[in-house]
Amino acid sequence: MILSLIALVVLIVFSTVIFYHYYVKITFEKWLQKSNPKYPPAVGVRTEIILMLKGLLSATFCPALTLYLMGRQKLHAKSHHQFFNPTPFAVIADEYLDQFVRALPLLILPALIPVNMDLLFFQFATFFYGYGIYLHWGHEFSYPDAHHPIINTSFQHYLHHAISIKNQPYHTGFYFKIWDQLFGSVYPREKCFCIKCQKEKGQRTHDEFEKLEKPDYSILLNWNFWFNHTLT
């Protein structure tokens, strides 16, 4: 319980710090690295955070209650992939069953083999939550860029959210591209619109940035905003 709580706090802190730096403190230079040129509305960010907390708390701390409520259709969750323009808060904004299955290694591995629980949680947080925050960061590094032959970057995961459709998923891999390369779910290179390709086409100008709508995320600090769905 304590380890799960620590992981939750660390996840929220890291996501909040990155969100503040890249989504609240917007600059032209940061925008040049953003996969989707638009910023998500505060309402969408609120949905990400609420879904993240509901799913993680119920599935990690109260799995039996989660399954009970799901069986009686008391819990209704929206798909993780509704967030086509995700922020770091979307990393585990997922359905209840997905959260439950995701947490199973923390139960199954210690039951099968002797495991240092502290190390297990550290590895889980680092390789899943840490890399997951990067994938949902919404921005791209200059290196590794979207054209790296091996590493699945934040742009690939943005494509996974933004353009995947039923029966045509793209970039379902988490760390590496090999799985998508094997099963034909790589987005065509000639259609690439990553930051690097956009800049080569002369896109992402300062004039575009000036005309861009920049959401006021300070409303997320308004207590009433979390309970009033009509407030914008």
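Before moving on, here are some points about what is shown:
- Consider region 20-37 and keep the residues that are farther than 20 Å from His161 by Cβ and not basic (Lys, Arg). The one that is surrounded by the fewest Cβ atoms within 10 Å (Cβ to Cβ) is Glu29.
So that you can scan it fast, the table gives a plain yes or no per residue for (1) in contact with a His (Cβ under 9 Å, 6 or more places away or on another chain); (2) in contact (Cβ under 8 Å) with a residue 12 or more places away in the chain; (3) farther than 30 Å from Lys196 by Cβ; (4) aromatic (Phe, Trp, Tyr):
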residue	(1), (2), (3), (4)
Pro110	no, no, yes, no
Phe122	no, no, yes, yes
Tyr129	no, yes, no, yes
Tyr143	no, no, no, yes
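- Residue in region 70-80 that is nearest to Thr47 (Cα to Cα), counting only those that are part of a helix (DSSP H, G or I) and modelled with pLDDT under 55: His80
- Residue in region 122-140 that is in contact with an Asp or Glu (Cβ under 7 Å, 6 or more places away or on another chain) and closer than 26 Å to Phe19 by Cβ present: no
- Of residues in region 168-203 being over 26 Å from Ile92 (Cα atoms) and of a type in the set (Lys, Arg), the one farthest from the chain's Cα centre (by Cα): Lys201
The values are calculated or read from the model by the stated rules, or taken from the named source; none is laboratory data. Every value quoted in this text rests on a predicted model; they were computed, and no experiment measured them. Neighbour counts run over all protein chains shown; Cβ positions are idealised from the backbone, glycine included.
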